[in-house]
Structure formats: structure tokens, C-alpha cells
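The values are calculated or read from the model by the stated rules, or taken from the named source; none is laboratory data. The model shown is predicted, which means the values in this text are computed figures rather than measured ones. Cβ atoms come from the backbone with ideal geometry, glycine included; neighbour counts cover every protein chain shown.
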Amino acid sequence: MRFRFLGTGTSMGVPVIGCACAVCTSNDQRNRRTRTSALIRTAEQTILIDAGPDFRAQALAGSIQTIDAVLLTHSHFDHVAGLDDLRPLTFSGPPMPIYGSPTTLSDIRTRFAYAFDNSSEGSTRPSMGLCSVDAPFQLGSLLVRPLAVLHGTWTITAYRIGNLGYVTDASAIPAESRTWLQGLDVLVLNALRFDPHPTHFSLTQALEVIAELNPRRAYLVHMNHAVEHESCQQSLPPNVFLAYDGLELTISDQG
């Protein structure tokens, strides 16, 4: 499958509004990070992982013309605010299947209540079908396994999809979930900054997780403006990479 990093930044993105630090004013496009989101393409379908407030721009930059399903990790604004921008992709056909935990989907139904209200005739709104996930399920030929991870005091959802592991906004990964993140071709993992943080892995913590799970390749996402791409990349192990917006990978079906 093909995997595209639509966005690799934190909730404030990079550059940060009002900031004139070296990373926020950098001319290196790899330091320009929209909110974290990703796209999976196979021969038969296109799957979106999270839809943050930058989704419209990300979709246009990536020439996205169709989406068959959306996987949500959790309902924080920077991961779901772009669901309304799915509207032009849902004007025909059945409702867009939106997969997430029961807690996440409950928040979506509340935040986007107008999308489920048929009383406003003639208005355009995203057509979404909410699909609760608490066990592995199939999306076409892909087996998707939801995994519980901790985001501070929240329990949110990571995913194993074939030989891809996708973990963002985590501060801890329970032992059972770590078991399912072994033998990966690619692990995508959040690494917010160099200093510790109460709700996200720091760079050091992310590297410790990667060393334990030992994927063939690991890509770091959800980085803030403390992380300068080129200098940080030079300090990483040979199988660990800072992802950047627009980066595309081919992911093997062999771990």
C-alpha cells in the first residue's frame, strides 16, 4: 500500500502563529507542519486517518479525489475539525464510514450534530456513518486492528493496518497493544519535542519505544517547533526518520 503523510505537526501547527523562532521562520519546507493526518491508498480504496483543521488544504495539495473510509484516533479538535470538509466527497453514494472508539464517535455526533439532522432541507452537510470499533475489522483487503494507547488520562486509538503501525498523541502504550506493534514494516509514532510532556511522547521516549518494538522503519510525527528537521534527523538512528508533510512511502505486506 501507499502511505502519504498529509500533516506532521501538533495542534498549533508549525509555524506557530506569532512565533519568530528559527524553525517557524525556516525556509526548509520540511519544517512547515500542518496538523497530523495521513492517507492510505491501495488498488481498491483510499483511507484517511484523522481529519484535522488543515484537511482541505492537505486534500488539495495531495490531489485527493475520493475517500472510502476514515479512521479516527480520538476527538481532539486537531484530529477531527476537518470532517466537515468531507462534504464534496459525500454528496453521492452511501454515507462516509467513520471508524473510531465509542467515546470518539459520541463526541463526533455531538460536535457535528447538524450532519445527522435531516430537518434542514437543501443544506449541504457531510454524510457520515459512524462505525464503532472495539475489535479487528476488514476494510477491503486490509485487516485493521484498533489498539488502545494512553494520551495523558485519555484512552485513544492506535491502529495496526497490515504491516503499518500508526500511533499518534500517545504518552504510553499498554503491554497488550505493544504486542500487536511487533513485526512492522513501518511504525508511525508521535514525538512532540525534546523535553518531557504529560500527554505526549518526547523524542527520547519515542526512540525507546522504537528500540523495543524494532520496526524495519520508523517515522516520527506530531512534532512542535522545537524540532528542526535537518539537525534532528542527523541525530537519529539509521532506521528512524522525521516525517514531513507530503512524504510518501510504499509499505510492504512483509513485516
> Assuming residue 83 fulfils every condition listed in (1) assigned to a helix (DSSP H, G or I); (2) surrounded by fewer than 23 Cβ atoms within 10 Å (Cβ to Cβ); (3) not polar (S, T, N, Q) apart from one, which condition is it?
Replying inline: (2)
>> Give me the residue from segment 196-236 that is hydrophobic (A, V, I, L, M, F, W, C) and over 24 Å from residue 26 (Cα atoms) and, out of that set, surrounded by the fewest Cβ atoms within 10 Å (Cβ to Cβ).
In response: 211
> residue 83 versus (1) out of contact with any Phe, Trp or Tyr (no Cβ under 7 Å at 6 or more places or on another chain); (2) touching a residue at least 40 places away in the same chain (Cβ under 8 Å); (3) more than 22 Å from residue 32 (Cβ to Cβ): which is the lone unmet condition?
Replying inline: (1)
> When the residues of segment 20-47 are filtered to those that are within 20 Å of residue 231 (Cα to Cα) and among the hydrophobic types (A, V, I, L, M, F, W, C), which remaining residue is surrounded by the most Cβ atoms within 10 Å (Cβ to Cβ)?
Replying inline: 23
>> So in segment 118-141, with the set limited to residues that are in contact with an Asp or Glu (Cβ under 9 Å, 6 or more places away or on another chain) and crowded, with 18+ Cβ neighbours inside 10 Å, which one is farthest from residue 190 (Cα to Cα)?
In response: 126
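Is one or more of the residues making up segment 93-115 more than 19 Å from the chain's Cα centre (by Cα), β-branched (Val, Ile, Thr) and at pLDDT below 95?
The first filter runs over segment 93-115 and keeps only residues more than 19 Å from the chain's Cα centre (by Cα), leaving 93-95, 106, 109-115.
Within this subset, residues satisfying the condition of being β-branched (Val, Ile, Thr) are 110.
Of the ones still in play, those that are also at pLDDT below 95 are none.
No, segment 93-115 contains no residue that is more than 19 Å from the chain's Cα centre (by Cα), β-branched (Val, Ile, Thr) and at pLDDT below 95.
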> Would segment 88-95 turn up any residue that is touching a strand residue (DSSP E or B) at 6+ places or on another chain (Cβ under 6 Å) and surrounded by 12 or more Cβ atoms within 10 Å (Cβ to Cβ)?
Replying inline: yes
